[in-house]
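One structure is given here, and the rest of the page talks about it.
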Amino acid sequence: MTSRATVVVLNGPNLNLLGERQPEIYGQETLADVEALCRSRTDELGMGLDFRQTNHEGVFIDAIHEVRHSAAGIVVNAGGWTHTSVAIRDALAAVAAPVVEVHISDVHAREEFRRFSYITDVAQTVVVGRGVRGYVEAIDTLVR
């Protein structure tokens, strides 16, 4: 039996509150909706999906370590850790596969502190402000 290439989607703090928290910024879709979108796309591509969310930075880093050699690519929405965590940046720098950074909102049009990302320099590309469809765009970028 051949194992399918797997895209890993990692979501950071507060993304479990999608659809509830600031829907005027993040939209009405829930994290379950995001997972369904990602699963639909990876199924179309004949790929596997490993979709995770945590509010605990160490768990997030452990997940990166766990998949750093096995993932076909990683889509990462680190939430607030994007702007604060050198440790997550360093973990992503050790990933063998491409990394795509995703932000549902346009972080460059928001508060000043959101405009800086520790992740951008280790990502293949960044998808910003495309809503939850940005995750699908990120998966497509990984496949290209």
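Would you mind computing the Rg to Rh ratio of region 6-143 from its alpha-carbon coordinates, Kirkwood style for Rh?
So for region 6-143, dividing Rg by the Kirkwood Rh gives 0.92.
Report the extension gain between D140 and R110 in nm, rounded to one decimal, defined as 0.36 nm multiplied by the number of residues separating them, less their alpha carbon distance.
Using 0.36 nm per residue and subtracting the Cα-Cα distance, I get 8.2 nm.
If I model a spin label at E44 and R130 as a point 7 Å from the Cα along the Cα→Cβ vector, what separation in nanometres do I get?
Inter-label distance under the simple model: 1.2 nm.
Per DSSP H run of n ≥ 4, the term is -39500 (n - 2.57); total these for the chain, divide by its residue number, and report the mean residue ellipticity at 222 nm rounded to 500 deg cm²/dmol.
Mean residue ellipticity at 222 nm (helix-derived): -9500 deg cm²/dmol.
Relative to the present Cα-Cα distance, how much length would full extension add between D33 and R52 at 0.36 nm per residue of separation?
5.5 nm
What number comes out for the charge environment of T30, summing +1 per Lys or Arg and -1 per Asp or Glu over other residues with Cβ under 11 Å away?
Residues near T30 contribute -3 overall.
What's the longest piece of the chain with no exposed GluC sites (Glu not before Pro), counting a site as exposed if DSSP puts it in a loop and it has at most 13 other beta carbons within 10 Å?
It runs 21-110.
Taking the chain as a Gaussian network, Cα atoms linked when under 10 Å apart, which of P23, P13, P98 shows the biggest mean-square fluctuation?
Per the Cα network of the chain with a 10 Å cutoff, P23 tops the list.
Points 7 angstrom from Cα along the Cβ direction at R4 and Q22: gap in nanometres?
It is 3.4 nm.
Which listed residue (P23, A36, M47) has the Cα farthest towards the positive end of the charge dipole for region 1-49, taking +1 on Lys and Arg C-beta and -1 on Asp and Glu C-beta about the Cα centre?
M47
The numbers here are math on the coordinates, done by the rules we state, and not lab data. What you are looking at is a predicted structure, and each value in this text was computed from that prediction instead of being measured. Cβ atoms come from the backbone with ideal geometry, glycine included; neighbour counts cover every protein chain shown.
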